[in-house]
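The values are calculated or read from the model by the stated rules, or taken from the named source; none is laboratory data. Note that this is a predicted model, so its numbers are computed, not measured. A quick note on method: Cβ atoms are made from the backbone with ideal geometry, for glycine too, and the neighbour counts reach across all protein chains shown.
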Amino acid sequence: MQLYSTKNKKSLVSLKEAVMKGLPDDNGLFMPENIQPLPDHFFKDITQMSFVEIAQTVVTHLIGEDIPTSALNQLVAEAFNFSVPLVPLNEKISVLELFHGPSLAFKDFGARFMARLMGYFNQAEKERLIILVATSGDTGGAVASGFFKTPGIEVVILYPSGKVSPLQEKQLTTLGHNITALEIDGTFDDCQAIVKKAFLDNELNNQLRLSSANSINIARLIPQSLYYFEAFKQLKIAGNTLPVVFSVPSGNFGNLTAGILAKKMGLPIEHMIAATNINDIVPNYLKTGQYEAKTSVRTISNAMDVGNPSNFARLKDLYQKASCNTCDMMGEDIKGFSFDDDQTRKAVKEIYDKFQYIMDPHGAVGYLATKEYQQAYPETASVILETAHPSKFIEDVEDILERKIEIPERLAKLASEPKSAIRMSTDYNEFRDWIKNYDF
Ligand SMILES: *Cc1c(COP(=O)(O)O)cnc(C)c1O
């Protein structure tokens, strides 16, 4: 597999280089050069396959030349060792639960796959690789658990003191082994500034092998295309004959872009629904043809509070044809809708009252978009991606539903585990001294 930069289609790199570097030097994003459809028999036989078998087939199809099949199959089986159930709400709407991984959010798919792929590519290196991550909460948990005990790789996570939820903090600070948490006396932006400085610090990079686990790494995008196939399979088993659409609660648009990759690989997707909160940059673009980045606004679906979605460059690239208008072409595949917090709260309540299903605020935005979409396209089977377990947003959900909700055992048990973090100021030199002398 070869990849180009969205800023320069001519300079191609290998999968290994794209994964280990994360970003091209020109600040574009890596994209697969050539995405071929899967063979017809795959879609015929798909109902006979487990999720892991589907994932192995799709991943081999996409990146099979880069890694021996047996190693790739093992890597995929280890990454996706949890279930991906599709739960029907009614005949035309179902929910794909992407929260059965260790951190209870869909980001586990990307983080677990990326960790194993980096571990594989790093095998031959003598010196250990140090992954630096700044987190405002969610990504850090998925990355920490994804890389936990990966041989040859150390992870250093910087998080803002007092600004992540208690359970999120426990996800970062209780693992130990190769995961080190730095509790920074500052904001998320301060954490990010330290990480950025470290990557630009030549002397430090001469001494240590540093890398990132950035959300725009192509190794996180590829695995997110896999569960679209799984949803299609489960709908087919249930006897669905309607055209299939996916409603994707979106922030940085990685998940939705991965769905477009699945479509390029031949999955019959009628439309993708871009569901956002009031951070509505992409729905606006689809409406007006103007891309206007904004300062993000805080909402109750806060993992989607993004004012300048990083994967938009990939979407634009996928629909770029010299003679056509990008926004029109994109609009044929993607329908955009946005909703405010009041509407989201009412939707959480409605879904519970109508279907006895507890949905988190992100999924609820997806539900609202599905309802609006189906007014125009009633004869469709819509799959809402439920991107996180409702207990990750327990305060809001309990408040809306006026009832207690259960925290899954694997998260609840963290509450009693001892926290281990190294406290640090926002001063870059303090971080620098620490990492240079730390005994990993
Ligand atoms: C990260 C996240 C999103 C947004 O996903 P993108 O790929 O950035 O669009 C949606 N919901 C939840 C719960 C998330 O954690």
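Could you grab me the full set of residues in region 196-230 that are among the hydrophobic types (A, V, I, L, M, F, W, C), outside any helix (DSSP H, G or I) and more than 16 Å from the ligand (Cβ to nearest atom)? Result: L208, L210.
In the set (1) within 21 Å of the chain's Cα centre (by Cα); (2) touching a residue at least 40 places away in the same chain (Cβ under 8 Å); (3) more than 16 Å from the ligand (Cβ to nearest atom); (4) in a loop (DSSP other than H, G, I, E, B), V156 fails one condition alone, (4). Take V84 and tell me if it is more than 19 Å from L175 (Cα to Cα), at pLDDT 95 or above, in a loop (DSSP other than H, G, I, E, B) and within 16 Å of the ligand (Cβ to nearest atom). Yes; evaluated as a whole, the condition is true for this residue. V19 meets the stated requirement of being among the hydrophobic types (A, V, I, L, M, F, W, C), within 21 Å of R209 (Cβ to Cβ) and assigned to a helix (DSSP H, G or I). Can you name the condition, by its number, that Y352 falls short on among (1) in contact with a Leu (Cβ under 9 Å, 6 or more places away or on another chain); (2) within 26 Å of N27 (Cβ to Cβ); (3) not hydrophobic (A, V, I, L, M, F, W, C)? Among (1) in contact with a Leu (Cβ under 9 Å, 6 or more places away or on another chain); (2) within 26 Å of N27 (Cβ to Cβ); (3) not hydrophobic (A, V, I, L, M, F, W, C), Y352 violates only (2).
Evaluation of G186 against the conditions (1) touching a helix residue (DSSP H, G or I) at 6+ places or on another chain (Cβ under 6 Å); (2) in a loop (DSSP other than H, G, I, E, B) shows that the sole unmet condition is (1). Suppose we keep only residues that are assigned to a helix (DSSP H, G or I) and of a type outside the set (D, E, K, R) within region 231-251. Which one would you say is farthest from the ligand (Cβ to nearest atom)? Among them, the one singled out is I237. Annotation: of all residues in region 370-429 being of a type in the set (S, T, Y) and either farther than 30 Å from G331 by Cβ or exposed (fewer than 14 other Cβ atoms within 10 Å of the Cβ) (or both), the one that is nearest to the chain's Cα centre (by Cα) is S391. Listed by first and then second residue, the pairs linking a residue in region 241-267 that is without any contact (Cβ under 8 Å) to a residue 60 or more places away in the chain and closer than 25 Å to N308 by Cβ to a residue that is aliphatic (A, V, I, L, M) and within 8 Å of the ligand (Cβ to nearest atom), with Cβ atoms under 8 Å apart and 6 or more places separating them unless they lie on different chains, are S250/L256; S250/M304; G251/A303; G251/M304; G251/V306; N252/V306; G259/V248. Note on region 340-364: among residues that are surrounded by fewer than 17 Cβ atoms within 10 Å (Cβ to Cβ) and among the basic types (K, R), the one that is farthest from the ligand (Cβ to nearest atom) is K354.
The one condition from (1) within 29 Å of S11 (Cα to Cα); (2) assigned to a helix (DSSP H, G or I) that D25 does not meet is (2). Before we move on, is I184 more than 30 Å from P390 (Cβ to Cβ) and touching a Leu at 6+ places or on another chain (Cβ under 6 Å)? No. Residues that are polar (S, T, N, Q) and within 14 Å of the ligand (Cβ to nearest atom) were ranked within region 159-186; the one that is surrounded by the most Cβ atoms within 10 Å (Cβ to Cβ) is Q171. Restricted to region 252-268, and to residues there that are at pLDDT 95 or above and assigned to a loop (DSSP other than H, G, I, E, B), the residue that is nearest to the ligand (Cβ to nearest atom) is F253.
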